[in-house]
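Student: Right, I'll just put the structure down here and ask away after.
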Protein chains: 4
Amino acid sequence: MILLANDYSEGACEAVLRHLVETNAETLPGYGEDLYCDRARDKIRWACQTPEAEVFFISGGTQVNAIVLKALLGPCEGVIAPDTGHISVHEAGTVEAGGHKVLTLPNCEGKISAADVKRYVEDFYEDRNHSQMVYPAAVYISYPTEYGTLYSLKELEALSDVCREKGLFLYLDGARLGYGLAAKQADVTLSDIARFCDVFYIGGTKTGALCGEAVVFSKGNAPKHFTTFIRQQGGLLAKGRLLGVQFDALFTGDTYVAVCRQAIETADALKRAFTEKGYALLIDSPTNQIFVILDNDKYERLKKDVVCRYWRKLDENRTVVRFVTSWATSMESIDRIRALL
Amino acid sequence: MILLANDYSEGACEAVLRHLVETNAETLPGYGEDLYCDRARDKIRWACQTPEAEVFFISGGTQVNAIVLKALLGPCEGVIAPDTGHISVHEAGTVEAGGHKVLTLPNCEGKISAADVKRYVEDFYEDRNHSQMVYPAAVYISYPTEYGTLYSLKELEALSDVCREKGLFLYLDGARLGYGLAAKQADVTLSDIARFCDVFYIGGTKTGALCGEAVVFSKGNAPKHFTTFIRQQGGLLAKGRLLGVQFDALFTGDTYVAVCRQAIETADALKRAFTEKGYALLIDSPTNQIFVILDNDKYERLKKDVVCRYWRKLDENRTVVRFVTSWATSMESIDRIRALL
Amino acid sequence: MILLANDYSEGACEAVLRHLVETNAETLPGYGEDLYCDRARDKIRWACQTPEAEVFFISGGTQVNAIVLKALLGPCEGVIAPDTGHISVHEAGTVEAGGHKVLTLPNCEGKISAADVKRYVEDFYEDRNHSQMVYPAAVYISYPTEYGTLYSLKELEALSDVCREKGLFLYLDGARLGYGLAAKQADVTLSDIARFCDVFYIGGTKTGALCGEAVVFSKGNAPKHFTTFIRQQGGLLAKGRLLGVQFDALFTGDTYVAVCRQAIETADALKRAFTEKGYALLIDSPTNQIFVILDNDKYERLKKDVVCRYWRKLDENRTVVRFVTSWATSMESIDRIRALL
Amino acid sequence: MILLANDYSEGACEAVLRHLVETNAETLPGYGEDLYCDRARDKIRWACQTPEAEVFFISGGTQVNAIVLKALLGPCEGVIAPDTGHISVHEAGTVEAGGHKVLTLPNCEGKISAADVKRYVEDFYEDRNHSQMVYPAAVYISYPTEYGTLYSLKELEALSDVCREKGLFLYLDGARLGYGLAAKQADVTLSDIARFCDVFYIGGTKTGALCGEAVVFSKGNAPKHFTTFIRQQGGLLAKGRLLGVQFDALFTGDTYVAVCRQAIETADALKRAFTEKGYALLIDSPTNQIFVILDNDKYERLKKDVVCRYWRKLDENRTVVRFVTSWATSMESIDRIRALL
């Protein structure tokens, strides 16, 4: 079988695993106060070009979203998000469990625009009953989005501008950030993200680590007692080194992006394979998620050899199927799929 | 320096690390649905002699406490715990953040008794204002306790009996369970714990793993949608394999207890070293935490060579100091300390 | 000025006020344990024809929604509601503050249908990712709706059937229930509501009382410790008599419906006044809320004499305006408006 | 029967009831935006001598405690309170339900001292593990306390000083504030309370109103969106006038204190009756709660004619019994009790 169902099917990339093994016997302080966490924080600050940033390590993405949004939002405040956003649909109501409403906007290929946000906020304040409603206080976007698409630098800047104008936090979910940074069409750098967002996270789990995400408060604007809050919310590992060591490896040189480049190259090859054979793509995604329109019987045949993911029915005869590459996908797998088309 | 400050200072024990490395390249399903998670669950059920048990893997202990207690307690219900319990003091209010009160009872060397619990519950229902108060609905104990002490089989059975009589859940925090099982004086087995408790967790982080705890609902009594709840609360790792592989290694043969035995043997040697030199112990703990009474100047001198933990002032001249051994502590370290006494 | 902006602009109706004054000096137990609360509960059970019902008094509607839904919904469970539902929009996120998601369905004149609910639930369970999503566990409807419309007996029965089939609670918000019961087109009785819903509330605040709503668990199915939960959530008045006395008055004879009939008659007269003069109604609501389409300049002129509520812009030249009558609206006010049209 | 069980057994005092009746027919805006709310706010500001204060009306005391503390406390923050405090025991865990821990200090006749608070906070920050614990961020006291005792001006000032020094909010629960202000031994005025506390509430329910408490943020320091938060938490009455009219009546002239004086005079007479007959008081409370030590058989005989409240057993033969007077207690009732002693 060729596995292209998701990007969290293998363990750690080589650099990460090696560093874990090498440092395993060292005796280190707990709870993120070890030297590898410190080094990783420094390297991330450097990569973001934000010496004043505060960096925290948390095991998984849903946990980051839960903790960051609960910490940032005040009573009666909610977060604007695309209706396809991970927090809107696939986190089992984690934001609501934290006491806050997700205020959804219709997405366009997974994205929302500065104009949409602006209109929402202005309509809200013009509504004479708005004091009976949930105040928009933050904007959640993901980069890449759930559809593998990317905000352009101009789009990101516009979102940032409208957030500042309206007094909202801009929060970017970077579960797959590395694939965005490695994409050929991307015109956004890590430093741009740090500059335009109030807080964001650099995904590890899906981009070469065993687990772990790095939360970055770009402007040194972490909430009061934030480490204690992470602990209270169950997000602080006793062996914080597990996350520090991994991010130390990923942010040594350009490992983080280099690791992800493999996914982009295999995804590009896969897209070419499909389009050359006459298949249509639902969306022309520049990252590691590909949405292909398949005839139902082709899909059934392909499923015998490839693990991919049913996305949705397009019509009676056609199905949208998602293929995901990762840092662990080999070009050979792509060649084997091409042979099956 | 000799490090005896805690039992989470090193990475993984050899068996765990090797298994992680060996399985690293395998392509596996996410979210705990891989074969290593399944194997580990089976082995844990077998070790507990509870074929009907439901087992879940969660990254850390505070997270387990938060999730289990939030899932078990209804509105207006609280959990009885010793005043020294981890949830009572050192989890930054995680139970309260989940909406529930911790109802503390005075501890005796870290433990509470069945009689104490019985009296509390009976007094509660006799109070004519009890409908204005928080209903006791669960009992939290830890094994070993925060003082390294152990409940005897008889004590545990009595607690279990009173919980059943009064309709309370009995929940056991086993962050250091392996050290309890490996202790020479222990007369409680894993199967006893599974039989007497409604839910408990088997610690991994402090007993040989990099991270991870195994939550066991002994009687197949996990709450509805519990995996979804773990996800919502941020406790479900995408690469669930990270936990499954580790527990698979720990529960192969008697690895779990064997790994912990090293801590018990070094702790026993350390106790002997202290007592032979005339030092008094605050508590005669049978596990890997030792509480020694030191003259202040002795403590100051010792601190130059040993990383241990200030516990509290006993009087003007004497200090209680905690020493913790782990699976990674060598007998050679103990010899070096003996030489310093 | 003629005031038709809402139905909570006056104090109490005569029967309620008189009863409050008459009983004011009596010395009674607190917290809802007085004889007037008991009498009111008995009268409500009788009116609902549900001797087994449990009845609780709570000061306001948002509070009832918050308390009932928080008590009924388990972790990871949400409530289906029309997108125009009061809990969906105008309660400042009270359901989310209680930890749960409102799962909105598109409304049709304020209502949702059994078929919509059925499809939503079936689609949910067919979604292979549903364990990552919020489980639908209850349905919220209001009677009358935010648009003054009413479910027919057949519609209500169908909703009830689908809820039982799918294992959802059916919860009816009856903030304006009296106006629904008094409406000429209504074919639903209080007893039907009690029969078809698991829990509902009988509004007092908007239908003749100073404050207070009566929550009815029709089948004796109130959650455990519910009175304690009301207290914990801040909804239990020390002088519970304030609510008991008022509902005792409202449910003496047919006071409750009789009081509301005045609103229906004045609303009907107002509708005739508008339609006879050639104005169009947005919705032909059978209760005390009327949605009229006015030319913008007509609206501007009318505002000088009538306090009504801007609803929304229909197009460049026309505005939808809401007029609300109440038990306190006089037919004379309607005559005065007619003269202005 | 003579009823001295509590101070919320009757309806409203005459001035309040009359004002409710007189204003009943007036058509007024909802949600606390009516002129009576405005007037009451102005009168309260004047009485407190704090023109900048923000005043909000909420129906009951537990609700005020829940809302104010949830609004003031950040994540990981708790409130220091006496172990006998209403929030510590008799509100069914309302503070914990809001996500925060009550940090109890041992009481002395219902009070805590500035020195106790200072020591607690200093010990907290000296504890090297304090980042794993709940941060003290507010102090809760009640005036009068649960034992009817009063803080002196000096004690209140000292508490205020230590709170400012340590960065804590000082919050005063004034459920029975009127009885404190009317007490002969009191040297604290409403203006002192406003000056020394960051936020407090003026009780209505137990001091002459049917329901309602006035929350005062003395320094114009109400949290953002506070009215919306009250709504979300279910505390905003549609007919806000119900509270405004009552406080308007209570704060016209010296009605509030005058109404409460009757309770003080009858309580004083009752104390004299007991002490003259040789009975001992547990505490010499200066307000409307009296704690008398009775022989068991005397208590049994007295219960036939007087409704009072069992407080606790003093020893085998003696019981502590609480008698509470109110604005509605007549001197004749006291005479009748005296005849029974």
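The values are calculated or read from the model by the stated rules, or taken from the named source; none is laboratory data. Here the structure is a predicted model, which is why all the values come from computation and not from measurement. For neighbour counting, all protein chains shown are included, and Cβ atoms are generated from backbone atoms with ideal geometry for every residue, glycine included. Surface accessibility is based on the protein's heavy atoms, side chains included, excluding ligands, DNA and RNA. Shrake-Rupley method; radii C 1.70, N 1.55, O 1.52, S 1.80 Å.
Student: Please figure out what share of the DSSP beta bridges in the protein assembly as shown is antiparallel and state it in percent, rounded to the nearest 5.
Tutor: If we restrict to bridges inside the protein assembly as shown, about 55 percent are antiparallel.
Student: Follow-up question, since we're still on this one. Compute the whole-percent fraction of alpha carbon pairs in the protein assembly as shown spaced more than 53 Å apart.
Tutor: Across the protein assembly as shown, Cα pairs with separations above 53 Å total 30 percent.
Student: How high is the relative contact order of chain D? Use alpha-carbon pairs under 8 Å, at least six apart in sequence, and give a whole percent.
Tutor: Computed value for chain D: 26 percent relative contact order.
Student: Here is a follow-up. What accessible area per residue comes out for the range A:1-83, rounded to a whole number of Å², with a 1.4 Å probe?
Tutor: Dividing the accessible area of the range A:1-83 by its residue count gives 36 Å².
Student: Something else about it: Of all GluC sites (Glu not before Pro) in the range B:49-142, which ones are in loop regions per DSSP and have a Cβ with at most 14 other Cβ atoms within 10 Å?
Tutor: Passing sites in the range B:49-142 are B:Glu52.
Student: So what's the gap between the Cα centers of the range C:195-245 and the range A:174-223, to the nearest angstrom?
Tutor: Each part reduced to its Cα centre gives a spacing of 49 Å.
Student: Also: Compute accessible area for the range C:30-63 by itself and then with all protein chains, 1.4 Å probe, and report residues whose area falls by 40 Å² or more.
Tutor: Those residues are C:Tyr31, C:Gln63.
Student: To continue, here is another question. For the range C:41-92 and the range B:102-142, what is the separation of their C-alpha centers, rounded to whole Å?
Tutor: Centre-to-centre (Cα) distance: 32 Å.
Student: Here is a further query. Computed FRET efficiency, Cβ-Cβ of A:Trp46 and A:Lys219, R0 22 Å: what is it to the nearest 0.05?
Tutor: 0.85
Student: Please identify the DSSP H helices in chain A that span no less than 15 Å along the helix axis (Cα) and have a mean Kyte-Doolittle hydropathy of 0.5 or more.
Tutor: Both cut-offs are met by A:61-72.
Student: Would you please name the trypsin sites (Lys or Arg not before Pro) within the range C:113-218 that are DSSP coil residues with at most 14 other C-beta atoms within 10 Å of their C-beta?
Tutor: C:Arg128, C:Lys184
Student: Just tell me which lysines come within less than 30 Å, Cα to Cα, of D:Lys303; anything on the same chain fewer than 8 places away is out.
Tutor: Once the sequence-local lysines are set aside, what remains near D:Lys303 is C:Lys239, D:Lys111, D:Lys184, D:Lys206, D:Lys271, D:Lys277, D:Lys313.
Student: If you take the accessible area of A alone, add that of D alone, and subtract the area of the pair, what total do you get in Å², probe 1.4 Å, to the nearest 100?
Tutor: Approximately 1400 Å², summed over both chains.
Student: Let me ask something else. Mind checking the mean number of beta-carbon atoms from other chains within 10 Å of the Cβ atoms in A:75-82?
Tutor: 5
Student: Considering the Cα trace of the range C:200-341, what is its radius of gyration and what is Dmax, both in angstroms?
Tutor: Spelled out, the Cα radius of gyration and Dmax of the range C:200-341 are 19.5, 56 Å.
Student: Under the rule of -39500 (n - 2.57) per DSSP H run of 4 or more residues, summed and divided by the residues of the protein assembly as shown, what mean residue ellipticity at 222 nm is obtained, to the nearest 500 deg cm²/dmol?
Tutor: Helix contribution divided over all residues of the protein assembly as shown: -12000 deg cm²/dmol.
Student: On average, how much accessible surface per residue is there in the range C:267-341, in Å², for a 1.4 Å probe, leaving out ligands, DNA and RNA?
Tutor: 46
Student: Counting other Cβ atoms within 10 Å, which trypsin sites (Lys or Arg not before Pro) in the range D:270-341 have at most 16 and lie in a DSSP loop?
Tutor: When the trypsin sites (Lys or Arg not before Pro) of the range D:270-341 are filtered for loop state and at most 16 Cβ neighbours within 10 Å, D:Lys277, D:Lys304 remain.
Student: Report the relative contact order of the range A:119-240, percent, no decimals, based on alpha-carbon pairs under 8 angstrom and at least 6 residues apart.
Tutor: 19
Student: For the range A:285-341 and the range B:248-301, what is the centre-to-centre distance using only Cα atoms, to the nearest Å?
Tutor: 57
Student: Beyond 17 Å, how much of the Cα-Cα pair distribution for the range D:111-235 remains, as a whole percent?
Tutor: More than 17 Å apart: 61 percent of the Cα pairs in the range D:111-235.
Student: Whenever you get a sec, compute what percent of the accessible area on the range B:257-341 sits on carbon and sulfur atoms (1.4 Å probe).
Tutor: For the range B:257-341, the apolar C and S fraction of the accessible surface comes to 45 percent.
Student: For the range A:143-252, what is the accessible area per residue in Å², given a 1.4 Å probe and the full set of protein chains?
Tutor: Counting only protein heavy atoms, the per-residue value for the range A:143-252 is 25 Å².
Student: Now for a different question. Just need the relative contact order of the range D:1-94 here, percent rounded to a whole number, with Cα pairs under 8 Å and 6+ apart.
Tutor: 14
Student: Treating the Cα atoms of chain B as identical point scatterers in vacuum, please give the log10 of the normalised Debye intensity I(q)/I(0) at q = 0.07 Å⁻¹, two decimals.
Tutor: -0.30
Student: When the accessible area of the range A:171-216 is computed with all protein chains present and a 1.4 Å probe, what percentage of it is carbon and sulfur?
Tutor: In the range A:171-216, the share of accessible area belonging to carbon and sulfur is 49 percent.
Student: Just counting partner chain Cβ atoms within 10 Å, what average do the residues of peptide A:96-108 show around their Cβ?
Tutor: If you average over the peptide's residues, the count of other-chain Cβ atoms is 5.
Student: In the range D:35-90, what percent of the accessible surface is made up of carbon and sulfur (1.4 Å probe, ligands and nucleic acids excluded)?
Tutor: Carbon and sulfur atoms account for 54 percent of the accessible area of the range D:35-90.
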